[in-house]
Amino acid sequence: MSKCLFPTLCCLLLFACKTKDLEYLSFNNMKMVKLGYPESTVSLEVTCYNPNKFGMRLESMNTDVFINGDFLGKAMIDSMLDVPKKRHVHHPGKNGSKNG
């Protein structure tokens, strides 16, 4: 009985922890860092919300950015970000866009 109790408990704990995605709420304080061809760079502040019951640590993030359904470019956070549980976080990031 004790041999199957531990695996059952582990499976129960794994399935009980449903991880939700971070919610990206807004991009603020946009500044043009580099304007050029074939690539431009914009710095901005990202506001996100962690709906989980536990904190997270993001070491990097790369995502696509769309405005009104049109692809703007790639966004990345190039430094570590601690996101506390059930809280909003503001963090600077960079967006690179390839022209042409």
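For segment 31-95, applying the loop criterion from DSSP together with a ceiling of 16 other beta carbons within 10 Å to the GluC sites (Glu not before Pro) yields Glu59. For a paramagnetic label modelled on Lys20 (point 7 Å from Cα along Cα→Cβ), amide N atoms under 18 Å away belong, within segment 46-61, to 47-57. Counted residue by residue at 0.36 nm each, then reduced by the alpha carbon distance between them, the extension gain from Met32 to Arg87 reaches 16.9 nm. Legend: distances between Cα atoms for Lys34/Lys85; Lys20/Lys85; Lys18/Lys85; pairs beyond 23 Å are Lys34/Lys85.
Coordinate-derived values only; no laboratory data. Since the model is a prediction, treat every value here as computed from it, not as a measurement. With ideal geometry, Cβ positions are generated from the backbone for all residues, glycine too; neighbour counts draw on all protein chains shown.
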